[in-house]
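The values are calculated or read from the model by the stated rules, or taken from the named source; none is laboratory data. Worth saying up front: this structure is predicted, and the values here are computed from it rather than measured. Glycine also receives a Cβ, built like all others from the backbone with ideal geometry; neighbour counts cover every protein chain displayed. Calculation scope for accessible area: heavy atoms of the full protein, side chains included, ligands and nucleic acids excluded. Shrake-Rupley method; radii C 1.70, N 1.55, O 1.52, S 1.80 Å.
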Amino acid sequence: MSTPPISLDRLTKAFGSRRAVDEVSMTVPEGQVFGFLGPNGAGKSTTIRCLLGLYHPTSGTARVLGSDPATGDAAFRREVGYLPGELHLPDRLAGADVLARFGRIRGVHDTAYADALVDRFGADLSRPLGVLSKGNKQKVGLVLAFMARPRLLVLDEPTSGLDPLLQDEFSALLKETVADGRTVLLSSHDLDEVQRVADRVAIIRAGRVVVDDTIDSLRARVPHTMEVTFDHDVDTSCLADVPGVTVTSTTPRTVRLGWSGSVGPVLSAVAALRPVDVTARPADLDELFHGYYRDTEGEAA
Ligand SMILES: Nc1ncnc2c1ncn2[C@@H]1O[C@H](COP(=O)(O)OP(=O)(O)OP(=O)(O)O)[C@@H](O)[C@H]1O
Ligand SMILES: [Mg+2]
């Protein structure tokens with residue numbers, strides 16, 4: 001196995017006596033989109049800044065593309081595309097100037113990919129960045145992060161300010177990026193987006209990782225729902241005996257149930273009652289995610 005692009009071992013960053021990141025250990029596998037979630041102030045951006053070597057950890061270590069970002073060896077950064085949560089770009093320059101400068105620094109000689117990104121996002125390269133709207137500035141930031149085709153993309157709330165069509169375009173770009181064997185760390189408050197694009201998710205709360213799992217295995221744990229309709233009156237009490245099933249509502253000719261785990265036993269039990277219609281909804285991770293966002297009183301600022 002190759003070394004993972006990012007691994008954190010009990011990474012801690014304190015500001016004064018307050019631990020913004022508290023013994024975070026996690027591994028971002030190669031060739032995947034890794035979703036990084038958590039409420040405001042949970043420690044996402046602080047973790048990310050440690051990864052880029054912008055903050056020095058108080059204790060613990062980070063390895064990024066085989067380097068320790070805290071040691072000052074900045075060579076790994078050439079292979080990282082970073083979009084900060086708060087983008088600071090020179091206001092007086094136009095996007096075209098910033099892209100050209102960045103391209104020179106990164107040694108991007110073939111600009112075809114950057115041009116294609118500019119087209120896809122409809123980035124305005126002609127006006128000074130200082131006069132662009134938040135979303136339009138963000139488009140320039142996205143082009144900057146992706147244009148050198150870095151091995152690792154570290155994106156701190158990349159879709160904040162983007163309109164829905166561009167969010168779809170961005171999701172497609174993420175999928176192409178990982179299909180190419182490259183890796184994305186995506187911090188986001190857009191839970192739908194994360195469900196759609198991420199392979200794995202970590203949730204951080206008050207500086208600590210409270211969930212770190214694949215989307216598939218989280219889905220398998222979260223209840224799916226099914227609604228079954230009959231053309232005759234049915235006693236559905238037997239369904240409650242199927243392992244993993246909870247009957248949430250019932251009338252003589254309909255039943256709604258939730259289940260987690262494998263669908264086979266549920267289908268067999270339902271089929272035996274001779275239904276006329278069945279609709280099933282895939283597991284939605286929103287409820288699970290929201291649960292981790294709630295009840296943060298007294299923990300995060
Ligand atoms: N430079 C700093 N000095 C002091 N405290 C800081 C500094 N940077 C971050 N913090 C604190 O660290 C905690 C984590 O902040 P961080 O920006 O990492 O959160 P976040 O998860 O990115 O939140 P958001 O979703 O709002 O972007 C907060 O309590 C914040 O006030
Ligand atoms: Mg942040």
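At a glance:
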{"read-out": "The one condition in (1) in a loop (DSSP other than H, G, I, E, B); (2) open to solvent by 40 Å² or more (accessible area, probe 1.4 Å); (3) of a type outside the set (Gly, Ala, Ser) that Pro57 fails to fulfil", "value": "(2)"}
{"read-out": "Residue match in the stretch 161-169 (condition: of a type outside the set (A, V, I, L, M), open to solvent by less than 20 Å² (accessible area, probe 1.4 Å) and within 16 Å of ligand 2 (Cβ to nearest atom))", "value": "no"}
{"read-out": "Every residue from the stretch 9-38 that is within 16 Å of ligand 1 (Cβ to nearest atom), over 22 Å from Phe289 (Cα atoms) and open to solvent by 10 Å² or more (accessible area, probe 1.4 Å)", "value": "Lys13, Ala14, Phe15, Gly16, Ser17, Arg18, Arg19"}
{"read-out": "Among residues of the stretch 60-90, those that are surrounded by 15 or more Cβ atoms within 10 Å (Cβ to Cβ), part of a helix (DSSP H, G or I) and not small (Gly, Ala, Ser), counted", "value": "4"}
{"read-out": "Which numbered condition His189 fails, given (1) in the same structural domain as Glu157 (by TED's automatic domain parsing); (2) in contact with a helix residue (DSSP H, G or I) (Cβ under 8 Å, 6 or more places away or on another chain)", "value": "(2)"}
{"read-out": "The one condition in (1) assigned to a strand (DSSP E or B); (2) more than 16 Å from ligand 2 (Cβ to nearest atom) that Val24 fails to fulfil", "value": "(2)"}
{"read-out": "Failed criterion for Leu166 (all others in (1) touching a Gly at 6+ places or on another chain (Cβ under 6 Å); (2) aliphatic (A, V, I, L, M); (3) assigned to a helix (DSSP H, G or I) hold)", "value": "(1)"}
{"read-out": "Given (1) at pLDDT 95 or above; (2) within 18 Å of the chain's Cα centre (by Cα); (3) of a type in the set (Val, Ile, Thr), number of the condition Thr229 does not satisfy", "value": "(2)"}
{"read-out": "Any hit, the stretch 196-211, residues being open to solvent by 10 Å² or more (accessible area, probe 1.4 Å), over 29 Å from Val278 (Cβ atoms), part of a loop (DSSP other than H, G, I, E, B) and among the charged types (D, E, K, R)", "value": "yes"}
{"read-out": "Extreme residue, surrounded by the fewest Cβ atoms within 10 Å (Cβ to Cβ), among residues of the stretch 39-54 that are under 11 Å from Ile204 (Cβ atoms) and near ligand 1 (Cβ under 6 Å from one of its atoms)", "value": "Gly41"}
{"read-out": "Residue selected from the stretch 44-59 under the condition of a type in the set (Val, Ile, Thr) and more than 9 Å from ligand 2 (Cβ to nearest atom), by the criterion farthest from Glu157 (Cα to Cα)", "value": "Thr58"}
{"read-out": "Filter result for Val247 (in contact with a Pro (Cβ under 7 Å, 6 or more places away or on another chain) and either open to solvent by less than 70 Å² (accessible area, probe 1.4 Å) or touching a residue at least 12 places away in the same chain (Cβ under 8 Å) (or both))", "value": "no"}
{"read-out": "Asp156, sole failed condition from (1) surrounded by fewer than 20 Cβ atoms within 10 Å (Cβ to Cβ); (2) of a type in the set (Asp, Glu); (3) within 16 Å of ligand 1 (Cβ to nearest atom)", "value": "(1)"}
